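Below is one structure; the comments refer to it alone.
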C-alpha cells in the first residue's frame, strides 16, 4: 500500500466511523466551521455532527482568477451574522472581505496593507482588527489595521513591529495583542486610544516589558528570512522566539505567546507585564486557542505534525495528538468547549484537512478534506 493510499484509507475511516477512534460517544450537536484554503482561493463550510464530518458548502473568493487572493484569516462576528476573511496576496495589497455568515453573498471589501493575515472582530462587532504581516517585504515595521464593519472602512493603521501575526483581543475588547516574528515582540494596543500601550521582548535571556510603542527601525536591509513561514528549525544554541501567535486568557490576566522558533509558549502576566514562565511545547508551535472557561490551551505544532492540549493553570501538557497530514496551522474551539477544530495545510498537491479533536477524550474523532493550504478557521455556530 502506498503512503497516499494509506492516508486516504485513514481519512475515510476517520470521517465514516469517528466512534472507532474514541471511547467517547459521538456529538449530540451539529457544529459548523468555516476554513480558508489559501492556495485555491476557496472557503469551505465544514459540518460536524452525529453523522461525522463533511463539507457542506464551498465559496470562491477574489476578483480575478489570474490574480490569486490567498485567503488567510477567518473570523465570524460575535452575533454570527457575518464572516470576515483577510486575503494576503493580490496586487498590490490585500483586502478584508465581509460575507453573509452562510457564505451565500459578498457584503463588501476594503483594501488594507501588505499581506493582511490574522484578524478578530471586537466583542461588540463594530470593528475588525487585522495585522498586516508583510510577508514579502524587507525587515521594516508593519501595522495593525482597524476597520469599521459598518460601513466597511479602514479607520486607523497603527504602526507596530516587523511581521505581526496572531491578532487577538481581550474578552472586554479594550486591549489587542499581536506578536512580531522578526522582532521577538509581543505588542499590546489600547483600543480606546488606538495606540501601542506596551510591548514585551520574548528573546530567551532578554525577556522584559516596556511601556509605549516599539522604537522605530531603520528601513532597508536584506530581504526578510521568513523561514518557510514557521517551518524553519531553530539554529543550535539560538535564543530567538520568532513568535507567531498571542492568545489572551478569558479573564484577561494572562497572554500566552507561541514561540515558533524555540518551540515554547511564553506566559506573560498582564498586570505586572512580566514573564510568568516558559512552557515546553511541540516542534514549531504555531497557533493557540483557549477554552471559554480558561481550563485548556490548545496549540498547533506546525513542524511537529501534531496538536497539543495543555492544562492552562499548570502549564502541563495533557496530550499530544498526531495529525494525518503535515504543516499544522489553525485552531478553533467550539462554544461548548467540547471540540477543537484544526486546519492542516498539507504539502504539495495534497488537499488541506480539517481535523476534529475531542477535548474530553483528547484524541481525533473526525477529519475531512478541504482546499489546499487550509489555514484560517473559525466556528460559525452549533445546533441546537
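Odds and ends about this structure:
- Filter result for residue 308 (over 21 Å from residue 117 (Cβ atoms), touching a strand residue (DSSP E or B) at 6+ places or on another chain (Cβ under 9 Å), without any contact (Cβ under 8 Å) to a residue 60 or more places away in the chain and outside any strand (DSSP E or B)): no
- The stretch 75-95, residues that are assigned to a strand (DSSP E or B) and over 21 Å from the mean Cα position of the chain (by Cα): none
- As for the stretch 67-74, it holds at least one residue that is surrounded by 15 or more Cβ atoms within 10 Å (Cβ to Cβ), part of a loop (DSSP other than H, G, I, E, B) and at pLDDT 90 or above.
- Taken over the stretch 313-334, the criterion of being touching a strand residue (DSSP E or B) at 6+ places or on another chain (Cβ under 7 Å) and either more than 27 Å from residue 269 (Cβ to Cβ) or crowded, with 22+ Cβ neighbours inside 10 Å (or both) is satisfied by 321, 322, 323, 324, 325, 327, 328, 329, 330, 331, 332, 334.
- Scan of the stretch 290-305 for residues that are touching a strand residue (DSSP E or B) at 6+ places or on another chain (Cβ under 7 Å) and surrounded by fewer than 22 Cβ atoms within 10 Å (Cβ to Cβ), ordered by number: 291, 296, 305
- Test: residue 105 is surrounded by fewer than 23 Cβ atoms within 10 Å (Cβ to Cβ) and free of Cβ contacts under 8 Å to residues at least 40 places away in the same chain: yes
- Test: residue in the stretch 100-117 that is within 19 Å of the chain's Cα centre (by Cα), at pLDDT 95 or above, under 22 Å from residue 32 (Cβ atoms) and in a strand (DSSP E or B): no
- For the criterion of being assigned to a loop (DSSP other than H, G, I, E, B) and either within 20 Å of residue 51 (Cβ to Cβ) or in contact (Cβ under 8 Å) with a residue 24 or more places away in the chain (or both), residue 364 fails.
- Scanning the stretch 340-356 turns up no residue that is buried (at least 24 other Cβ atoms within 10 Å of the Cβ), closer than 17 Å to residue 230 by Cβ, modelled with pLDDT of 95 or more and touching a helix residue (DSSP H, G or I) at 6+ places or on another chain (Cβ under 6 Å).
- Against the list (1) loosely packed, with under 15 Cβ neighbours inside 10 Å; (2) at pLDDT 95 or above, the condition residue 19 fails is (2).
The values are calculated or read from the model by the stated rules, or taken from the named source; none is laboratory data. Just so it is clear, the model here is predicted, and its values are computed rather than measured. A quick note on method: Cβ atoms are made from the backbone with ideal geometry, for glycine too, and the neighbour counts reach across all protein chains shown.
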